[in-house]
Amino acid sequence: MYQFDHHMEVNIIYVCKAIAYYSFNLIFQSRQNVMLFCKAPYQINWKEIAQQKKMEDKNKLDRVKARIDAIPDFPKPGILFRDIFPVLSDHGAFSDLIDLMTSHVKSLSVDVVIGLDARGFLLGPIIAQNLQLPFVPIRKKGKLPGKTIQVEYKLEYGSDIFELQVDSVKEGQRIVIVDDLLATGGTMSAACQLVTKANATTVECLVVIELKDLDGRSKVPSKVHSLVEY
Ligand SMILES: O=P(O)(O)OC[C@H]1O[C@H](OP(=O)(O)OP(=O)(O)O)[C@H](O)[C@@H]1O
Ligand SMILES: Nc1ncnc2[nH]cnc12
């Protein structure tokens, strides 16, 4: 009887010790996790992360800039033509460009991405697709089927008419207009007028290249954002 009691006692002590051990571990570890969870946002160096992102974006932009060509006297004497096609022929630089434009458009909270005929069509649809947004084209006269609204505009080297399909943009929608380049601002200004005619709002006009000397920005009624300035 005594033997049995003694073993019982030893077993109970053993079981109690085990429960205490596992409970202690459980409580201590979960406390550590709770502390880690609470402390984590303060321990993360947000400033360092922001600086790192800034540096990455600068490197991406440098790779894009390195691929933009300048061709004198094209398409007319006196015009220095800034060509973005070499960027597109370098898949790394093109991907950098799309990354930069996509993350910028993401920060605008827009409903629709509009691209301008023709080089805006190279960029707008990819950005829209990345952000799961609709893409809508503004085209030169006679290329869009159905009912359209129109605006005439002047170019750095000529004039043209822009069209937007009726109902392609809904009343009150927030729009970003994307193009490759801003020169005199005539093209972008006409696009903004079409958006206004459609009763929508141009949140921003986004271009890769801005020719600063031509001061096109002053002609555009909405905010302009450019990645590269000459
Ligand atoms: O600021 P602006 O003086 O109006 O000029 C800028 C516009 O000129 C270029 O297009 P272009 O009219 O040459 O047509 P394309 O894209 O069909 O070549 C460029 O792609 C812009 O859309
Ligand atoms: N200088 C330029 N280079 C490329 N595209 C243009 N569109 C209008 N001016 C331009």
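The values are calculated or read from the model by the stated rules, or taken from the named source; none is laboratory data. The structure presented is a predicted model; accordingly, all values stated were derived computationally and were not measured. No Cβ is skipped: glycine too gets one built from the backbone with ideal geometry, and neighbour counts run over all protein chains shown.
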Query raised in the report: Considering the range 119-150 alone, what residues qualify as being within 16 Å of ligand 2 (Cβ to nearest atom) and surrounded by 21 or more Cβ atoms within 10 Å (Cβ to Cβ)?
Result: Gly120, Leu123, Ile138
Query raised in the report: Exactly one of (1) among the charged types (D, E, K, R); (2) modelled with pLDDT of 95 or more; (3) surrounded by fewer than 20 Cβ atoms within 10 Å (Cβ to Cβ); (4) within 10 Å of ligand 1 (Cβ to nearest atom) is unmet by Asp179. Its number?
Result: (3)
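Being without any contact (Cβ under 8 Å) to a residue 40 or more places away in the chain and more than 16 Å from ligand 1 (Cβ to nearest atom), is that true of even one residue in the range 113-122? Write out each step before concluding.
We begin by selecting, within the range 113-122, every residue without any contact (Cβ under 8 Å) to a residue 40 or more places away in the chain; these are 118, 121.
Subset that is more than 16 Å from ligand 1 (Cβ to nearest atom): none.
No: the range 113-122 contains no residue that is without any contact (Cβ under 8 Å) to a residue 40 or more places away in the chain and more than 16 Å from ligand 1 (Cβ to nearest atom).
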Query raised in the report: Can you find even one residue in the range 69-88 that is near ligand 2 (Cβ under 10 Å from one of its atoms), at pLDDT 95 or above, touching a helix residue (DSSP H, G or I) at 6+ places or on another chain (Cβ under 8 Å) and among the aliphatic types (A, V, I, L, M)?
Result: yes
Query raised in the report: Of the residues that sit in the range 182-212 and are within 22 Å of Gln129 (Cβ to Cβ) and not small (Gly, Ala, Ser), which one is nearest to ligand 1 (Cβ to nearest atom)?
Result: Val207
Query - Residue satisfying condition, being touching a Phe, Trp or Tyr at 6+ places or on another chain (Cβ under 9 Å) and over 24 Å from Phe81 (Cβ atoms), within set Val166, Val113 - result: Val113
**Report entry** strands (runs of 3 or more DSSP E) wholly inside the range 46-159 that include at least 1 residues being farther than 22 Å from Leu214 by Cα and out of contact with any Cys (no Cβ under 9 Å at 6 or more places or on another chain)
**Finding:** 112-116, 135-140, 148-155
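Determine, yes or no, whether Leu116 is more than 16 Å from ligand 2 (Cβ to nearest atom) and either over 30 Å from Pro77 (Cα atoms) or more than 16 Å from the chain's Cα centre (by Cα) (or both).
On the way: more than 16 Å from ligand 2 (Cβ to nearest atom): no; either over 30 Å from Pro77 (Cα atoms) or more than 16 Å from the chain's Cα centre (by Cα) (or both): yes.
Considered against the rule, which asks whether it is more than 16 Å from ligand 2 (Cβ to nearest atom) and either over 30 Å from Pro77 (Cα atoms) or more than 16 Å from the chain's Cα centre (by Cα) (or both), Leu116 comes out as no.
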Query raised in the report: Just checking, how many residues over the range 205-230 are touching a Lys or Arg at 6+ places or on another chain (Cβ under 8 Å) and closer than 19 Å to Tyr153 by Cα?
Result: 4
